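In what follows, a structure is listed as structure tokens, so that the remarks can point back to it.
The values are calculated or read from the model by the stated rules, or taken from the named source; none is laboratory data. Everything numeric here is computed off the predicted structure, so don't read it as measured data. Counting neighbours? That spans all protein chains shown, and the Cβs are built from the backbone with ideal geometry, glycine included. With ligands, DNA and RNA removed, areas are computed over all heavy atoms of the protein, side chains included. Shrake-Rupley method; radii C 1.70, N 1.55, O 1.52, S 1.80 Å.
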Amino acid sequence: MAWLWRAGAKFSLVASAVGGGVTTALIATSDDPETALKLCATVPHRLFRDAVTAANIAFDYEYSLWGLPEGSIERERIKHEVHLRSAQKLQDLCFKNGGVYIKLGQHLGQLEYLVPQEYVQTMRESMLNKCPVSSYEQVCNVFKKELGDTPDKIFSEFDPVPIASASLAQVHVARMHDGQKVAVKVQHTHMTDTAAADHATVELVVNTLHRFFPSFDYRWLIDEISESLPKELDFLTEAKNSERCLDNFHKLSPHIANYVYAPKVYWNLSTSKLLTMEFMDGAYVNDVKTIQKLGINLHELSTLVSQTFAEMMFKHGFVHCDPHAANLLVRPLPSSKASIWGRRKPQLILLDHGLYKELDFQTRTNYASLWKGLVFADVNAIKEYSAKLGAGEDLYALFAGVLTMRPWNRVVDPSMDHLVIQGNESERLELQMYASQYFHQISELLRRLPRVILLMLKTNDCLRAVNNSLLQGSSLETFFIIGKVSSEAVIEAKMLKSKSLLTWLNVKLDEILLEVRLWGMQVALWLLQLRKALSWSNQPL
């Protein structure tokens, strides 16, 4: 146990030294000494808090599990308790530090393939709907700086109590002078002051942990934060992203364009720190009871979510990379009427367009080819395109497992439903076993992959969580959609590259064979649905 205390002591010393150095540098070079002084008081304090939490968690594991035989029932019981305590400590740290730390906590809540379920569950339950709230006075200060007046002067009505708060901003309901109801997204004032400090402290934590524990290499995370955070803090970029996203659907995916929506932006009342948008009424995508009351079929909604993001990833190459439940609303399609059974078509409303990634043509085609290989259990394609995307020739099976949450024997199983996740306890335990067994290999895989693919993994994790809330697992329909859209994207890419008649004929033959395979999957789907309907009708009343 002594090494844990030594590591904690070293970490605290390094934190103090770096914090002091940052303090001196900021005061010496800043044009705003007051803000710099505030920052310099924040950095060492946060680093010390990080160090204490890390040492506390490490000691709890070492002390609580000391002497318990590996694999014993007692060890597993105690480990579960430690996981819960440690997840709570980490959650408290994220909330106390705020800002970037909450973003990291949200990301941690999606990493089912890497961290224990207790951490995943704790972060998911708290990080999406219990974020810090800025005071109305702070909101007024943002308005004065950005628009020159207070909210009550700019709008005819403005609710000082936010309806939602996230890691970077909070949302207020307002009404314009023409009566239009709007949602106003206001950046937390501390984000401007502490974003640089948060980045510095997180970078130090990750680098120090890597120095003490070389297998813990998440330095790629720092690079990603450096690139994405400034974009997420610029709400004008977010507004442009939302308009480009809808434009892509109308131009490249017109068959589902009416089923996907983003709130209209009021540009005259929007700045880099304020965003005024059309107010949207709808249910959160994981609010199953409300969705059912709206007359929307859960399987149909799950299919729409899958198709929306498949089109983005494989055809548009411009992907919303933060599709967690709080960023997805659903409402009945405005132009649709209820069926005789009271069913309504769903419309998916995409919120929070701050984090997007562009896939260049080659990466997009390789990623589509990999998913086509996964859906159709094509081992050669999985190996080839995993290597092309950066996984190397030795980690393709692990890459396939991280993407699908299926062990390799299921990935290569030729049965139609080989990728379907049932969401039961045995599958969850199997997943945790693999995560523990291959932790170092997973860390190496994440280090190797290009950052854009890491963001695709994050997007997959978010979508998997959404599907799990809707269906308690995944469905064959989901993978039918992924297989169809990815295959179409591959065919389109080949057509663009075809230079001769023979090549064009080969592509056309591939297209015919694809249609046959998709038809087979569609028949299997119909039979499955028929069987479910018959079993339901035979249930006793």
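So the values come out like this:
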| read-out | value |
| --- | --- |
| Whole-percent carbon and sulfur share, accessible surface of the range 255-299, 1.4 Å | 49 percent |
| Calculated FRET value between N409 and Q441, using beta carbons and R₀ = 30 Å, to 0.05 | 0.95 |
| Residues listed by number, the range 438-456, amide nitrogen under 16 Å from D223 label point at 7 Å toward C-beta | 443-456 |
| Descending semi-axes in Å of the range 335-447, equivalent ellipsoid built from Cα gyration tensor | 30, 21, 16 |
| Environment charge of K345, counting only residues whose C-beta is closer than 12 Å and scoring Lys/Arg +1, Asp/Glu -1 | +3 |
| Net charge, E393 excluded, C-beta distance under 15 Å - Lys, Arg +1, Asp, Glu -1 | 0 |
| The range 362-531 - percent of accessible surface contributed by carbon and sulfur, probe 1.4 Å | 58 percent |
| Sum of side-chain charges, E157 neighbourhood, beta-carbon under 11 Å (Lys, Arg +1; Asp, Glu -1) | 0 |
| Straight-distance crosslink candidates among lysines, where the alpha carbon sits under 16 Å from K383 and sequence neighbours closer than 8 are dropped | K372 |
| Set of aspartates and glutamates near K508 by C-alpha distance (under 14 Å), chain-local residues within fewer than 8 positions excluded | E488, E492 |
| Area accessible to solvent at D198, 1.4 Å probe radius, in Å² | 0 Å² |
| Shape parameters for the range 362-531, alpha-carbon atoms, Rg then Dmax in Å | 16.7, 53 |
| The range 362-531, accessible area per residue, ligands and nucleic acids excluded (1.4 Å, Å²) | 46 Å² |
| Cross-link reach list, lysines versus K89, counting only Cα pairs under 28 Å and skipping chain neighbours closer than eight places | K10, K38, K79, K103, K130, K458 |
| Dipole magnitude of the range 225-306 about its Cα centre (Cβ charges: Lys, Arg +1; Asp, Glu -1), debye to nearest 20 | 100 debye |
